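A short write-up of the structure that comes next.
The values are calculated or read from the model by the stated rules, or taken from the named source; none is laboratory data. As the structure is a computational prediction, the values presented were derived from the model and not from experiment. Ideal geometry is used to build each Cβ from the backbone, glycine not excepted, and the neighbour counts take in all protein chains shown. We work out accessible area using only protein heavy atoms, side chains counted, and drop any ligands, DNA or RNA first. Shrake-Rupley method; radii C 1.70, N 1.55, O 1.52, S 1.80 Å.
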Amino acid sequence: MKSVKRSKRIEGLARLCQGAKRVIDVGCDHAQLCALLTTEWGVDHAYASDIRPGPLENARRTIQLQGLEGKITPVLCDGLEAFGPGDGDTIVIAGMGGDEISSILRRAPWVRSPEIRLVLQPMTAADRLRRSLTQGGFAIWREIVIQDSGKLYTAMEARAGKDQSGAADFAWLLSRPLTEDPLWPLYLDKLLAKYRASALGQHTAGVKDTAEQRALALLQRLWEEQVN
């Protein structure tokens, strides 16, 4: 068996899947996460799912090269449409926009079970994803920062239940578990740079009291609390 290709992002997602036995990876691309989980993290079986034939063919090649035909099943489908209760105890949706992740979850109401863990890694709109989760009956249990190839990502673990992450108090820009990650200061700097640019442009245009300006004020307060 050839070694499993990995990245810091894939390793971070694997950590959030710790203890899983049956995993559904939506948007699996090359099935690298499925291969890592089934070879090193004790996962009994994984479904490598993608909506496009091309990425799924990449997944099949990874499965064959690793000799994991009995451990990983490739599935061509849109989101979670080919799955249902009992297929997986952990669902991974990573590497796509937060709005798309929310849409996939809304179309699969069976995931609203406390027995199912969601591992989500949005590339954009993480704030809207947190809002969609917490207002849709999910609780954010954990959230981490992943640094990979000079880029910062946030990934979260969520389950059905009442949210106590404090995300609503932070305008869904972050969650309390995220601030406990060792790389949180770096992620805070990223958020500050993002909202400072938009807020400055609005201020220059004479526009006041926007969502971006309020977000910047909140983030600046957190930064001040961090350094004092």
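Run down Val145, Val207 and say which single residue is over 15 Å from the mean Cα position of the chain (by Cα), of a type outside the set (Asp, Glu) and not in a helix (DSSP H, G or I).
Val207
Could you list, in sequence order, the residues of segment 47-81 that are touching a Phe, Trp or Tyr at 6+ places or on another chain (Cβ under 6 Å) and over 15 Å from Asp29 (Cβ atoms)?
Correct list: Thr73 only.
Which of the residues belonging to segment 1-52 are in a loop (DSSP other than H, G, I, E, B) and under 19 Å from Leu80 (Cα atoms)?
Result: Cys17, Ala20, Lys21, Gly27, Cys28, Asp29, His30, Ala31, Ile51, Arg52.
Taking into account only those residues within segment 35-81 that are in contact with a Leu (Cβ under 7 Å, 6 or more places away or on another chain) and of a type in the set (Val, Ile, Thr), which is least open to solvent (accessible area, probe 1.4 Å)?
Only one residue fits best here, namely Val43.
May I ask you to list the residues in segment 104-124 that are within 25 Å of Lys194 (Cβ to Cβ) and either at pLDDT below 95 or surrounded by fewer than 18 Cβ atoms within 10 Å (Cβ to Cβ) (or both)?
The answer is Met123, Thr124.
If you scan segment 21-31, which residues turn out to be at negative phi and open to solvent by less than 40 Å² (accessible area, probe 1.4 Å)?
Selection gives Val23, Ile24, Asp25, Val26, Cys28.
Would you confirm, using the coordinates I've provided, whether Leu80 is under 23 Å from Ala158 (Cα atoms) and touching a strand residue (DSSP E or B) at 6+ places or on another chain (Cβ under 8 Å)?
yes
Would you confirm whether any residue within segment 82-103 is crowded, with 22+ Cβ neighbours inside 10 Å, in contact (Cβ under 8 Å) with a residue 24 or more places away in the chain and in contact with a Phe, Trp or Tyr (Cβ under 6 Å, 6 or more places away or on another chain)?
no
Of the residues Glu100, Glu115, Glu57, which is at negative phi and either touching a helix residue (DSSP H, G or I) at 6+ places or on another chain (Cβ under 9 Å) or not in a helix (DSSP H, G or I) (or both)?
On inspection, the qualifying residue turns out to be Glu115.
Can you pull out every residue in segment 180-202 that is under 16 Å from the mean Cα position of the chain (by Cα) and either surrounded by 20 or more Cβ atoms within 10 Å (Cβ to Cβ) or hydroxyl-bearing (Ser, Thr, Tyr) (or both)?
Scanning segment 180-202 gives a single hit, Tyr187.
Filter segment 152-166 down to the residues that are closer than 19 Å to Leu191 by Cα and under 15 Å from the mean Cα position of the chain (by Cα) and list them by number.
Leu152, Tyr153, Thr154, Ala155, Met156
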